[in-house]
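Working notes, structure below.
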Amino acid sequence: MIEALELLTNTSLWAAVLRIATPLIFGVLGALLCERAGVLNLGIEGIMTMGAMAGWLTVYLGGDLWMGLAIAAASGGLMGFLHAGLTVPLGLSQHVSGLGITLFASALSYYLYRLIVEVGETPPTIIPFRPLDIPVLSDIPVLGPILFSQTAPTYLALISVAVLAYVLTRTPLGLAIRMTGENPHAVEAQGLNPNVLRIGAIVAGSALMGLGGAFLTTAAFNSFFPEMVQGRGWICIALVVFASWRPGKALIGALLFAFFDAYQLRLQNVIDGVPYQLFLMAPYVLSIVALILVARRAEVPEALMTPYRRGER
Amino acid sequence: MRLERRENVPLSTVAMAPLAAILAALVLAAGLIGAAGVNPLTAYGEMLRGALGSRLSITEMLTRATPLILTGLAAAVAFRARLWNIGGEGQFYVGALTTAWIGHSLALPGPIGMAVLMVCGMAAGALLLAGPAFLRLRFGVDEVVTTLLLNFIVILFVGLMIEGPLRDPLAFGWPQSVPVDGAYRLPDLVPRTRLHIGLLVAIAAAGVIWLVLTRTVFGVETRAAGLNARAAAFAGISLPKTIMGVALVSGALAGLAGAVEVMGVTGGVTTTMSPGFGYAGIVVAMLAALHPAGVVAAAIFVATVFVGADAMSRATGVPSFIADVIVALSLLTMLVALLFTTYRLRR
């Protein structure tokens with residue numbers, strides 16, 4: 001028991017929290033942006049897989065790491081565009097289309113990976129992002145190694161939270177996007193096209209999801225393998241609800257979640273006699289519990305999952 | 001250009017939709033096969049030969065189709081009532097695990113035991129979906145996320161059980177559950193192949209579901225709940241009761257898939273026994289336009305792609321993941337095709 005508490009004083013635990021949170025932050029921001037514009041994007045799990053594969057493959061084929069992130073974002077955006085095409089102008093079921101995108105994007109990622117990469121006994125590796133020690137700040141005791149010795153994409157994720165929060169709440173574009181998710185008819189009345197706004201939000205949100213996937217293969221690990229996203233996309237969908245569709249709360253949700261994940265990994269080594277699967281279940285169980293706790297007072301965007309057709313009410 | 005609702009939809013249009021969707025998916029996937037340096041027509045020829053070219057390959061394909069029919073029915077029943085059960089995979093595994101566990105030490109005459117085990121598998125699947133259905137009805141928690149997350153929880157639970165209490169001591173350290181007793185292994189449908197009478201069970205289930213959906217009050221309530229929940233409630237249909245009923249039936253069907261797979265094919269449970277039967281069931285249901293009879297045909301298509309792709313991959317070197325690509329693409333193209341059965345483009 002003492003050992004379990006001692007773990008909490010370990011700086012490597014707290015540094016891991018930010019690392020584990022990074023793909024979730026990208027994913028939850030992406031899902032949030034789509035939903036704020038009124039479209040559920042269940043393609044997230046596949047889009048993250050796509051980003052993981054595309055980012056890794058770019059580096060493997062000789063591109064640099066930032067090029068990898070850019071290609072991951074672009075491929076995520078492309079899958080998002082497909083989801084947008086099906087759900088916005090055609091108004092198809094967002095549930096089924098999203099699942100279709102997830103199945104398609106994952107299958108396509110595995111297929112292309114197998115096609116291009118010679119896979120032997122162990123998957124080939126790349127040289128991933130190294131931790132970036134921010135001068136002066138990283139020398140601060142305790143806080144330094146936790147906050148200021150992360151990899152570059154982690155800082156990018158944190159910046160994205162601030163940017164998205166600013167854009168959504170403080171700019172005309174953000175207002176238009178939020179209004180599209182609440183009442184697209186009002187957007188139309190302002191002379192804006194709600195469908196264009198929705199498509200844009202889905203593409204941008206999916207690009208963020210792609211970045212989240214790419215973090216896994218270019219920073220957290222150094223290789224790509226099937227099933228590596230491990231339900232992180234679905235957890236992001238749950239986190240959006242938990243965060244009441246707000247970027248700031250989404251960051252807190254992702255960090256909280258990552259803390260439990262990092263903690264359970266370390267607890268496995270300290271507590272004997274408990275099957276490791278029980279620890280691994282914790283993140284998924286926790287997501288469900290979080291959903292139950294907030295579900296009643298969730299402020300769902302009014303027009304979420306309602307396709308918009310001009311002149312139809 | 002805009003979409004205009006069709007006034008009447010001829011049955012032939014509805015029947016054409018899946019064929020058009022599959023054709024479109026095959027054309028799109030042809031580009032990817034071409035990228036592998038293989039002539040798509042050669043590849044598709046190899047696929048057909050691999051799945052339908054011999055008596056043995058046909059029985060293999062039908063063996064693969066059996067659980068797909070059941071998970072497809074599970075998705076179709078749920079989606080009709082707009083209950084988004086994406087947890088077929090998890091329900092399949094609890095059905096399989098329960099069957100192996102009880103079937104290992106059951107002492108009943110063969111046929112009765114088989115029936116009992118199928119009911120046990122169904123009960124396990126039904127209970128697993130009852131949870132998310134309850135959470136939706138009581139707390140308004142979206143069942144998509146809960147059923148998806150439960151899939152991961154269940155697979156970990158299966159791993160825990162087969163490395164612990166249900167471990168097969170005779171499996172040489174291979175993580176596998178104890179097998180069902182030999183008395184409850186489903187008899188072969190075709191001698192000296194893996195095809196078992198589970199196929200007949202699955203087809204019978206499709207027939208029963210068809211009758212239930214078209215000939216009973218429950219079927220009408222299901223459809224009403226899916227078409228317009230508010231109008232249904234106004235007409236005096238108890239929405240919570242209907243949703244819970246649908247959840248129990250849908251979960252039971254996916255659980256039955258697991259039970260049948262264990263008794264018919266694998267004997268024991270492993271964490272890799274399902275190549276995504278639950279998820280593929282969603283595609284099957286959509287390709288069938290949620291119709292029970294269509295589910296049987298769609299399951300045979302999906303099974304043909306999967307079994308055929310393995311053989312094609314061995315012959316041509318095209319990665320067998322192409323099967324997943326084709327199946328996923330056909331879901332997306334089917335969505336579009338379904339749209340054009342109810343709407344048409346007008347300038």
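The values are calculated or read from the model by the stated rules, or taken from the named source; none is laboratory data. These figures come from a predicted structure and were not determined experimentally. So basically every Cβ, Gly included, is an ideal-geometry build from the backbone, and we count neighbours across all protein chains shown.
Could you check the range A:257-281 and list, in sequence order, the residues that are within 12 Å of chain B (Cβ to nearest Cβ) and among the small types (G, A, S)? Passing the criteria: only A:G273.
Evaluated against (1) within 17 Å of the chain's Cα centre (by Cα); (2) modelled with pLDDT under 95; (3) part of a helix (DSSP H, G or I), B:A297 falls short on exactly one condition, (2).
Residues checked against (1) touching a Gly at 6+ places or on another chain (Cβ under 6 Å); (2) more than 13 Å from chain A (Cβ to nearest Cβ); (3) not aliphatic (A, V, I, L, M):
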{"site": "B:A298", "(1), (2), (3)": "no, yes, no"}
{"site": "B:T304", "(1), (2), (3)": "no, yes, yes"}
{"site": "B:A315", "(1), (2), (3)": "no, yes, no"}
{"site": "B:V327", "(1), (2), (3)": "no, no, no"}
{"site": "B:L331", "(1), (2), (3)": "yes, no, no"}
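One residue is enough: does the range B:253-274 have a residue meeting the conditions within 14 Å of another protein chain (Cβ to nearest Cβ) and in contact (Cβ under 8 Å) with a residue 60 or more places away in the chain? Yes - at least one qualifying residue is present in the range B:253-274. Check whether at least one residue in the range B:46-69 is within 14 Å of chain A (Cβ to nearest Cβ) and either assigned to a helix (DSSP H, G or I) or free of Cβ contacts under 8 Å to residues at least 40 places away in the same chain (or both), and report yes or no. The answer is no, given that none of the residues of the range B:46-69 is within 14 Å of chain A (Cβ to nearest Cβ) and either assigned to a helix (DSSP H, G or I) or free of Cβ contacts under 8 Å to residues at least 40 places away in the same chain (or both). Could you pull out the residue among B:I33, B:I22 that is touching a residue at least 60 places away in the same chain (Cβ under 8 Å) and farther than 19 Å from B:M334 by Cβ? Every option except B:I33 fails the conditions.
State whether the residues of the range A:96-109 include one that is buried (at least 17 other Cβ atoms within 10 Å of the Cβ), assigned to a loop (DSSP other than H, G, I, E, B) and at negative phi. Scanning the range A:96-109, I find no residue that is buried (at least 17 other Cβ atoms within 10 Å of the Cβ), assigned to a loop (DSSP other than H, G, I, E, B) and at negative phi, so the answer is no. Restricting the range A:283-293 to residues that are more than 7 Å from chain B (Cβ to nearest Cβ) and surrounded by fewer than 18 Cβ atoms within 10 Å (Cβ to Cβ), which is nearest to the chain's Cα centre (by Cα)? For the range A:283-293, the residue satisfying everything is A:V289.
If I ask for residues that are of a type in the set (A, V, I, L, M), farther than 21 Å from B:W101 by Cα, at the interface with chain A (Cβ under 7 Å from one of its Cβ atoms) and assigned to a helix (DSSP H, G or I), which ones from the range B:118-156 would you list? If the condition is that a residue be of a type in the set (A, V, I, L, M), farther than 21 Å from B:W101 by Cα, at the interface with chain A (Cβ under 7 Å from one of its Cβ atoms) and assigned to a helix (DSSP H, G or I), then B:L135, B:V144, B:V145, B:L148, B:L149 are the ones that fit. Residues of the range B:70-82 that are part of a helix (DSSP H, G or I) and either of a type in the set (V, I, T) or buried (at least 24 other Cβ atoms within 10 Å of the Cβ) (or both): B:L70, B:T71, B:G72, B:L73, B:A74, B:A75, B:A76, B:V77, B:A78. Quick one: which residue in A:T125, A:T154 is of a type outside the set (A, V, I, L, M) and either crowded, with 17+ Cβ neighbours inside 10 Å or at pLDDT below 90 (or both)? The unique qualifying residue is A:T154.
Conditions tested, residue by residue: (1) within 14 Å of chain B (Cβ to nearest Cβ); (2) more than 21 Å from B:D142 (Cα to Cα).
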| position | (1), (2) |
| --- | --- |
| A:M50 | yes, yes |
| A:M53 | yes, yes |
| A:Y60 | no, yes |
| A:T87 | yes, no |
| A:H95 | yes, no |
| A:A105 | yes, yes |
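Annotation note: Cβ proximity below 8 Å between a residue of the range B:279-293 that is on the phi < 0 side of the Ramachandran plot and a residue that is part of a loop (DSSP other than H, G, I, E, B) (sequence gap 6+ or interchain) occurs for B:Y279/B:I86; B:I282/B:I86.
Here is the figure for the range A:220-260: residues that are closer than 29 Å to A:T169 by Cβ, assigned to a helix (DSSP H, G or I) and in contact (Cβ under 8 Å) with a residue 24 or more places away in the chain total 22.
Within the range B:10-29, is even one residue part of a loop (DSSP other than H, G, I, E, B) and on the phi < 0 side of the Ramachandran plot? Scanning the range B:10-29, I find at least one residue that is part of a loop (DSSP other than H, G, I, E, B) and on the phi < 0 side of the Ramachandran plot, so the answer is yes. Given the criteria within 11 Å of chain A (Cβ to nearest Cβ), over 30 Å from A:M305 (Cβ atoms), among the hydrophobic types (A, V, I, L, M, F, W, C) and in a helix (DSSP H, G or I), does B:I162 qualify? The answer is yes for B:I162.
For the range B:190-245, a tally of residues being in contact (Cβ under 8 Å) with a residue 24 or more places away in the chain, under 24 Å from B:V260 (Cα atoms) and of a type outside the set (A, V, I, L, M, F, W, C) returns 6. Would it be correct to say that B:I58 is surrounded by fewer than 24 Cβ atoms within 10 Å (Cβ to Cβ), modelled with pLDDT of 95 or more, β-branched (V, I, T) and closer than 30 Å to A:R309 by Cα? The answer is no for B:I58. Scanning the range A:175-204 for residues that are in contact with a Lys or Arg (Cβ under 8 Å, 6 or more places away or on another chain) and small (G, A, S) yields a count of 2.
Residue check: B:L345 meets all listed conditions (1) outside any helix (DSSP H, G or I); (2) within 22 Å of B:T71 (Cβ to Cβ) but one, namely (2).
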